[in-house]
Amino acid sequence: MATLALSVAGQFVGGLIGGPIGAVAGRALGALAGSVVDNAIFGSKSTTAAPTGSDISLQGSAEGGPIPKLYGWNRVTGNIIWATQLEETTQQSAGAKGTAPSTTTTTILANFAVALCEGEVSRLGRIWADGELLETEQLNLRFYRGSEDQLPDSLIEAKQGADNAPAYRGLCYLVFEQLDLTPFGNRIPNLSVELCRVVGELEPAIKAVTIIPGATEFGYDPSPRVRVLGPGSTDNENAHLFSNISDWTWSLDELQALCPNLEHVSLVVAWFGDDLSCGTCAIAPRVESASRQVHGASWAVSGLSRGDARVVSQVNGGPAYGGTPSDASVLAAIADLKARGLKVTLYPLVMMDIAAGNALETPYGEAGQPAYPWRGRITCSPAPGQAGTPDQTEGIAAQLAAFLGGAAAADFSVSGTTVSYSGPNDWGFRRMVLHYATLAALAGGVDALIIGSELRGLTTLRGEGNSFPFVDALATLAEDVRAVVGGGTKLTYAADWSEFSGYQPADAPGDKFFHLDALWASPAIDALGLDNYWPLADWRDGTDHLDAAIADGPCDQGYLRANIDGGEGFDWYYASDAD
């Protein structure tokens, strides 16, 4: 290939220097140089294989070469299986009157096909040419997965004739049509391609996934965004693989390619709590930076602009979390998911942004609150079991009221793609949930919405007479959310597995309260929700332990199944580090 390209280039350069004779000499010299390049790239070489095996290391065109068999993800090179003569095009640009004479530009184009591996391949990833990521948007490129019913490529068929064009069934390959070789020194570049071939039963069995991180200002935006750093200077905001494709779009394309039976996604969106004491905990959206500028988009959540929102804490000089997803990006993500034929659960989630070394008073009697704790530790202050706790008294109501806040459904209004709030000036839990209920309605509805998740330290708080006031408040909230989203959206609370099975108070370990029953029985709740994290095994190193005596190993399915069956409601913990 380089012989052809460089001989054509040599003929052109020689003609400019020495006329017809120079053209002949240039063509000969170009062919000689090209043959050296071809031998270096395509020539047979004696190499020693790596001990662990390796892919074909150089692009080539060789008869009898192996066809790789791909399992999962890999980056492979391939074998040129078809090509035409290189094409030469010229473009002449005329000089303006009184300026330099016209110039002629020659471009070398290549048509070729590269076999990659045995099919059928599920996903084409990135392509590298001579080690550099190849931008494919403007290229005439066709990808064949290697199915058993794929048809011949249109270019190959046009060049070879309808009866002489192979379909290469069962072979995954790429066809490049009129690839401009100028960026590659007028030769076909060394190509490597990222591919995924699904094997086994896992991916086809997946019907639902959860989309996280939940904390990403524009990570859910299907449109690629750039961050403005200064005059003429930008950086990727949400397009880290390709400048013209957002991370969201690339990820969802990949997800659907690998999980062909996917039906439902849960879209997590996070606000941030700032205290484990429920009476003083504010839950609000936050940003990564107070001054970030993103071209073509602005961050806004529940009436807050970037300059009005609190900034997440720092860890090692960087943000501890991403920011809350902008409302516009959430709306765009929901629209994109629906357009892909997927059902959507909107999942508002509380994350605790409490930095290390804080001076907050802990409800558990410790010095300082733990860094970035689980939301399930939010409770009254002092906590149950501590001296002076309001648990089991009428005093619990005031702290829970402060946590819930006074937001009502009527406090939210919609203007275009913006949700505004005009209620009490608080950042309570109700404001977060009702905000996303309004956003879900603005999006044309979602299939399901979570009204809370793993608030174990709150649902187990007791009022007078062994009542559970926060559980009652969740039931009321569900009714308010139902009035906003209508009957087409399923509602539930995502209970932690440790609260789902009921509550046994430390002061009365013989008692058992099925405290969530009032919530599950609410007409506004459509399903019982359980975040299930039961340990599957307690396997130790070696074989001198009880589990090894009853199972063939830590992957024994009967052993794992028995642990699930026997683990419901069990208090899984170790009493000490030694245990």
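Report whether or not V193 is under 28 Å from A113 (Cα atoms), in contact (Cβ under 8 Å) with a residue 12 or more places away in the chain, assigned to a loop (DSSP other than H, G, I, E, B) and touching a Gly at 6+ places or on another chain (Cβ under 9 Å).
no
Report every pair of residues separated by at least 6 positions or lying on different chains whose Cβ atoms are under 6 Å apart, first residue within the range 514-527 and free of Cβ contacts under 8 Å to residues at least 60 places away in the same chain, second assigned to a loop (DSSP other than H, G, I, E, B) and crowded, with 17+ Cβ neighbours inside 10 Å.
Within 6 Å, the pairs are H515/F468.
Output the residues belonging to the range 322-353 that are surrounded by fewer than 21 Cβ atoms within 10 Å (Cβ to Cβ), out of contact with any His (no Cβ under 7 Å at 6 or more places or on another chain) and assigned to a loop (DSSP other than H, G, I, E, B).
G322, R340, G341
Take the residues in the range 373-418 that are modelled with pLDDT of 95 or more, part of a loop (DSSP other than H, G, I, E, B) and hydroxyl-bearing (S, T, Y), then tell me which one is farthest from T280 (Cα to Cα).
T393
State whether one or more residues within the range 326-334 are in contact with a Lys or Arg (Cβ under 6 Å, 6 or more places away or on another chain), at pLDDT 95 or above and among the β-branched types (V, I, T).
No, the range 326-334 contains no residue that is in contact with a Lys or Arg (Cβ under 6 Å, 6 or more places away or on another chain), at pLDDT 95 or above and among the β-branched types (V, I, T).
Consider E217 carefully, then state whether it is touching a residue at least 24 places away in the same chain (Cβ under 8 Å), outside any loop (DSSP other than H, G, I, E, B) and touching a Gly at 6+ places or on another chain (Cβ under 6 Å).
no
From the list A483, A478, A527, exactly one residue is at pLDDT 95 or above, open to solvent by 30 Å² or more (accessible area, probe 1.4 Å) and either assigned to a helix (DSSP H, G or I) or among the acidic types (D, E) (or both). Which is it?
So the residue among A483, A478, A527 that is at pLDDT 95 or above, open to solvent by 30 Å² or more (accessible area, probe 1.4 Å) and either assigned to a helix (DSSP H, G or I) or among the acidic types (D, E) (or both) is A483.
How about the range 412-441: which of its residues are without any contact (Cβ under 8 Å) to a residue 60 or more places away in the chain and of a type in the set (S, T, N, Q)?
Correct list: S413, S415, S422, N425, T438.
Somewhere in the range 168-190, is a residue of a type in the set (V, I, T) and under 27 Å from the mean Cα position of the chain (by Cα)?
Within the range 168-190, none of the residues are of a type in the set (V, I, T) and under 27 Å from the mean Cα position of the chain (by Cα).
From (1) out of contact with any Cys (no Cβ under 9 Å at 6 or more places or on another chain); (2) more than 27 Å from S289 (Cα to Cα), pick out the condition that doesn't hold for S381.
All conditions pass for S381, except number (1).
Please name all residue pairs, on different chains or six or more residues apart, with Cβ atoms under 9 Å, provided the first residue is in the range 286-300 and is more than 9 Å from P325 (Cα to Cα) and without any contact (Cβ under 8 Å) to a residue 24 or more places away in the chain and the second residue is surrounded by fewer than 19 Cβ atoms within 10 Å (Cβ to Cβ) and of a type in the set (V, I, T).
A290/V311
Within the range 497-515, track down each residue that is charged (D, E, K, R) and surrounded by 20 or more Cβ atoms within 10 Å (Cβ to Cβ).
Within the range 497-515, just E499 meets the criteria.
Scan A300, A290, A309 and give me the residue that is surrounded by fewer than 16 Cβ atoms within 10 Å (Cβ to Cβ) and among the hydrophobic types (A, V, I, L, M, F, W, C).
That would be A290, the only listed residue that is surrounded by fewer than 16 Cβ atoms within 10 Å (Cβ to Cβ) and among the hydrophobic types (A, V, I, L, M, F, W, C).
Sort through D235, D221, D253 and tell me the only one that's at pLDDT 95 or above and acidic (D, E).
The unique qualifying residue is D221.
Can you tell which of T216, T182, T136 is at pLDDT 95 or above and open to solvent by 20 Å² or more (accessible area, probe 1.4 Å)?
Exactly one residue qualifies, and that residue is T216.
Please note which strands (runs of 3 or more DSSP E) are completely contained in the range 83-182 and include at least 3 residues that are of a type in the set (V, I, T) and in contact (Cβ under 8 Å) with a residue 12 or more places away in the chain.
Output list reads 103-118.
If you check E120, E88, which single one turns out to be surrounded by 14 or more Cβ atoms within 10 Å (Cβ to Cβ), more than 30 Å from E254 (Cβ to Cβ) and at pLDDT below 95?
E88
Looking at the range 415-439, which of the residues that are β-branched (V, I, T) and over 22 Å from A475 (Cα atoms) is surrounded by the most Cβ atoms within 10 Å (Cβ to Cβ)?
V419
Can you tell me which residue is farthest from V471 (Cα to Cα) among those in the range 529-550 that are among the small types (G, A, S) and in contact (Cβ under 8 Å) with a residue 12 or more places away in the chain?
Once the filter is applied, the top-ranked residue is A537.
Which of the residues that make up the range 373-411 are under 28 Å from Q504 (Cβ atoms), without any contact (Cβ under 8 Å) to a residue 60 or more places away in the chain and either among the basic types (K, R) or open to solvent by 20 Å² or more (accessible area, probe 1.4 Å) (or both)?
P382, Q386, A387, G388, T389, G395, A401
Can you name the residue in the range 354-372 that is open to solvent by 60 Å² or more (accessible area, probe 1.4 Å) and closer than 17 Å to G457 by Cα and is also modelled with the lowest pLDDT among such residues?
E366
Looking at (1) touching an Asp or Glu at 6+ places or on another chain (Cβ under 9 Å); (2) surrounded by fewer than 22 Cβ atoms within 10 Å (Cβ to Cβ); (3) not in a strand (DSSP E or B), find the lone condition where G200 falls short.
For G200, the exception is condition (1).
Just checking, how many residues over the range 457-468 are in a helix (DSSP H, G or I) and buried (at least 20 other Cβ atoms within 10 Å of the Cβ)?
Of the residues in the range 457-468, 3 are in a helix (DSSP H, G or I) and buried (at least 20 other Cβ atoms within 10 Å of the Cβ).
What residue, among those in the range 228-253 that are of a type in the set (D, E, K, R) and surrounded by fewer than 17 Cβ atoms within 10 Å (Cβ to Cβ), is farthest from the chain's Cα centre (by Cα)?
D235
Looking at the range 139-154, which of the residues that are among the hydrophobic types (A, V, I, L, M, F, W, C) and more than 22 Å from T182 (Cβ to Cβ) is surrounded by the most Cβ atoms within 10 Å (Cβ to Cβ)?
Within the range 139-154, the match that is surrounded by the most Cβ atoms within 10 Å (Cβ to Cβ) is F143.
The values are calculated or read from the model by the stated rules, or taken from the named source; none is laboratory data. Fair warning: this is a prediction, and the values are worked out from it, not measured in the lab. No Cβ is skipped: glycine too gets one built from the backbone with ideal geometry, and neighbour counts run over all protein chains shown. Just so you know, the surface numbers come from the protein's heavy atoms only, side chains and all, with ligands and any DNA or RNA stripped out. Shrake-Rupley method; radii C 1.70, N 1.55, O 1.52, S 1.80 Å.
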